[in-house]
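The values are calculated or read from the model by the stated rules, or taken from the named source; none is laboratory data. Worth saying up front: this structure is predicted, and the values here are computed from it rather than measured. Positions of Cβ are backbone-derived with ideal geometry, glycine not excepted, and every protein chain shown enters the neighbour counts.
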Ligand SMILES: [Zn+2]
Ligand SMILES: [Zn+2]
């Protein structure tokens, strides 16, 4: 079932003079907080006119690269590698600096604060992940990845942290209170840097988006790491947002599209590409199979392609058709072999995905279910608020 309408633009917040790196809609309030490469931290409150105006505009010494908020504790990551911990008053009019963590050697890419346990998790371009306790500011553990660490997700029930890196790997580590944490595994599948991660503790799934233009659903719990690939964007996917109650995933690409994926829809894991020296349909050898080509005096050099539905290695003549394959996460036409093309059931072709042209290049997003609001920071440094109730 394809639901709905378009997102409705309700407000534009103008003020930042460089890339907006993170925006957070303040829970239970008509306010949001943003940080930017223009070195400012801004708190915006909705006034009686309906417009948002800053109540705080704090200029820092460095570009402000990341942000976390919980229970009026505000953590701000900087280009220099340090993290400032502020307490913000309940009226959102004043902030007080409590502590500075000298945590990373380079830009702090992402932060998570767990207020219940007073844990601060951070990743940086110095390729490290750090885990701190907020009461003393002491470091509880660290992990070094092989590439820049760009984003984070955390499962507060089982204490798994997920670290997305520049090479496309997602490192999974387990935080054990009172001991060094354990490295679990690296999830491999993306072919480009990981831009954002979201953990859904109810469904035990991890959502990731990447510069490789795709979004992945990782079924971590029962699915044992099964990955479902979602392909619709034609450019880098910069950020994602998730509406858990209706199980809708919003992805934002620099192709200026907001795509809404219904995760209740049945989908199949991506078919693994098979390797073969000959076409698995007509049995003619591929061009590198020199020995057979010589034996058979066959000068018809065959290139290898793959059917996106069954994964078989086939030649061009045996895969002349293209089709969308929504069940396999392809919302645009891709190569399929002849037998698959003739057999695709009607159900597999039905798409539940909504595409909206938002006409801006998003840099970061945040979603608030209670307000049905989506905040989108864009490459023009403006933050836009959309009412997305019609999409849900
Ligand atoms: Zn063939
Ligand atoms: Zn096929």
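Brief remarks on what is shown
- Taken across region 300-317, residues that are out of contact with any strand residue (DSSP E or B) (no Cβ under 9 Å at 6 or more places or on another chain) and either assigned by TED's automatic domain parsing to the domain that holds residue 203 or within 16 Å of ligand 1 (Cβ to nearest atom) (or both) do occur, with at least one present.
- Inside region 320-346, residues that are more than 13 Å from ligand 2 (Cβ to nearest atom), without any contact (Cβ under 8 Å) to a residue 40 or more places away in the chain and under 28 Å from the mean Cα position of the chain (by Cα) make up a count of 2.
- When 176, 203 are checked against the criterion of being assigned by TED's automatic domain parsing to the domain that holds residue 366, in a loop (DSSP other than H, G, I, E, B), out of contact with any helix residue (DSSP H, G or I) (no Cβ under 6 Å at 6 or more places or on another chain) and more than 28 Å from residue 257 (Cα to Cα), 176 stands alone in meeting it.
- Taken over region 319-350, the criterion of being over 17 Å from residue 229 (Cα atoms) and outside any helix (DSSP H, G or I) is satisfied by 319, 320, 321, 322, 337, 344, 345.
- Condition met for residue 384 (in contact with a strand residue (DSSP E or B) (Cβ under 7 Å, 6 or more places away or on another chain) and within 14 Å of ligand 2 (Cβ to nearest atom)): no
- If only residues of region 359-392 that are outside any strand (DSSP E or B) and surrounded by 20 or more Cβ atoms within 10 Å (Cβ to Cβ) are counted, the one that is modelled with the lowest pLDDT is 391.
- Which numbered condition residue 218 misses (of (1) over 13 Å from the mean Cα position of the chain (by Cα); (2) under 29 Å from residue 117 (Cβ atoms); (3) assigned to a strand (DSSP E or B)): (1)
- Among the residues of region 179-200, those that are assigned to a loop (DSSP other than H, G, I, E, B) and closer than 29 Å to residue 332 by Cα comprise 188, 189, 190, 191, 192, 193.
- Filter result (at pLDDT 80 or above and either surrounded by fewer than 17 Cβ atoms within 10 Å (Cβ to Cβ) or part of a loop (DSSP other than H, G, I, E, B) (or both)) within region 289-318: 303, 304, 307, 308, 309, 310, 311, 312, 315, 316, 317, 318
- Entry remark, region 107-131: residues being in contact (Cβ under 8 Å) with a residue 40 or more places away in the chain and in contact with a strand residue (DSSP E or B) (Cβ under 6 Å, 6 or more places away or on another chain) number 15 in total.
- Conditions (1) more than 16 Å from ligand 2 (Cβ to nearest atom); (2) touching a residue at least 12 places away in the same chain (Cβ under 8 Å): number failed by residue 317: (1)
- Counting the residues of region 233-288 that are away from ligand 1 (no atom under 16 Å from the Cβ) and outside any loop (DSSP other than H, G, I, E, B) gives 19.
- Among the conditions (1) under 19 Å from residue 193 (Cβ atoms); (2) buried (at least 19 other Cβ atoms within 10 Å of the Cβ), residue 130 misses just one, which is (1).
- None of 71, 18 is at pLDDT below 95 and closer than 28 Å to residue 153 by Cβ except 71.
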